[in-house]
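A short worksheet on the structure shown next.
The values are calculated or read from the model by the stated rules, or taken from the named source; none is laboratory data. Keep in mind it's a predicted model, so treat the numbers as computed, not measured. Positions of Cβ are generated from backbone atoms using ideal geometry, with glycine treated the same way; all protein chains shown enter the neighbour counts.
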């Protein structure tokens, strides 16, 4: 079992509170009712009495800004008090605070200390985040082997993000798929898209690929949208349907997905599922090329069939799209 991530998932009491309930119980029940003012007052009373769990919850309320503007100073104060009493949750959240600061505020030394303490005590999220720091070399020398060790520990505890990351480090396709399945079945959208891709490219099991791509597009994953578009374009276990393919490519393209932009450009260039339109094709190729320069070849080949006015219009449209989507 994975330990809870947010105060929203604490074990809450029924609305009827025993007459002899302490301030912590009163606070938990108030939080359940979304009565944050009462929750804060009750947590404050319990926290001042030295209740570590109340101190941790109070820190979360300040950190998340549930009842008032976010106050990281107060959040840190209460997380520190709870962590000093051995609350692993508080250690984890305190470490995140250090990692979330801007460059001048970020304190990797403190974050590492707290993450290590929580990780050693078996907190899967701390293990995962510690692995990330080693994997990316943030605040310490990059060490892939140590990163993988912590990813594996968190994955074995059932933490979906760790299972997904751990799968990326594996070369054995059977093991990779096993961990992707575990993460995908927990609803992690990145794992669902990656699992669909694994079935599509490695196993060539298009029915399973379709299943997982559909799950991922329910969460608006642009990679899965592109893959689903390709399945309709090529007729992989679904009827070949250029209109449907263009629709999914557009969804991915509008989200900024380079593959979706490139493929939507192709659909416009050849009039597949959309009216043939070189200006639209050039615009989408141009947007894709900004992320993947190799797509510039397709754009430049298309330019040979266009007038200078058409190219200028396509470039103007690309600039407008970029400006609109950077806001």
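Out of curiosity, is residue 189 touching a helix residue (DSSP H, G or I) at 6+ places or on another chain (Cβ under 8 Å) and farther than 17 Å from residue 168 by Cβ? Criteria not met by residue 189.
Kindly indicate whether residue 66 is crowded, with 16+ Cβ neighbours inside 10 Å, more than 21 Å from the chain's Cα centre (by Cα) and modelled with pLDDT of 80 or more.
Working: crowded, with 16+ Cβ neighbours inside 10 Å: yes; more than 21 Å from the chain's Cα centre (by Cα): yes; modelled with pLDDT of 80 or more: no.
Against the criterion (crowded, with 16+ Cβ neighbours inside 10 Å, more than 21 Å from the chain's Cα centre (by Cα) and modelled with pLDDT of 80 or more), residue 66 does not qualify.
Restricting region 114-136 to residues that are at pLDDT 80 or above and surrounded by fewer than 15 Cβ atoms within 10 Å (Cβ to Cβ), the residue that is nearest to the chain's Cα centre (by Cα) is 122.
In region 213-223 there is at least one residue that is crowded, with 22+ Cβ neighbours inside 10 Å, free of Cβ contacts under 8 Å to residues at least 40 places away in the same chain, part of a helix (DSSP H, G or I) and more than 16 Å from the chain's Cα centre (by Cα).
Residue 189 satisfies every condition listed in (1) over 17 Å from the mean Cα position of the chain (by Cα); (2) under 21 Å from residue 166 (Cα atoms) except (1). Which of the residues spanning region 143-160 are more than 14 Å from residue 119 (Cβ to Cβ) and under 19 Å from the mean Cα position of the chain (by Cα)? Selection gives 158, 160. Residues in region 153-175 that are without any contact (Cβ under 8 Å) to a residue 24 or more places away in the chain and over 27 Å from residue 121 (Cα atoms): 171, 172, 174. The set of residues in region 271-318 being without any contact (Cβ under 8 Å) to a residue 12 or more places away in the chain and surrounded by 12 or more Cβ atoms within 10 Å (Cβ to Cβ) consists of 271, 276, 277, 289, 296, 300, 312, 316. Is at least one residue of region 179-201 over 30 Å from residue 293 (Cβ atoms), free of Cβ contacts under 8 Å to residues at least 12 places away in the same chain and part of a helix (DSSP H, G or I)? Looking through region 179-201, at least one residue is over 30 Å from residue 293 (Cβ atoms), free of Cβ contacts under 8 Å to residues at least 12 places away in the same chain and part of a helix (DSSP H, G or I).
Would you call residue 228 farther than 23 Å from residue 297 by Cα and crowded, with 18+ Cβ neighbours inside 10 Å?
Working: farther than 23 Å from residue 297 by Cα: yes; crowded, with 18+ Cβ neighbours inside 10 Å: yes.
Criteria met by residue 228.
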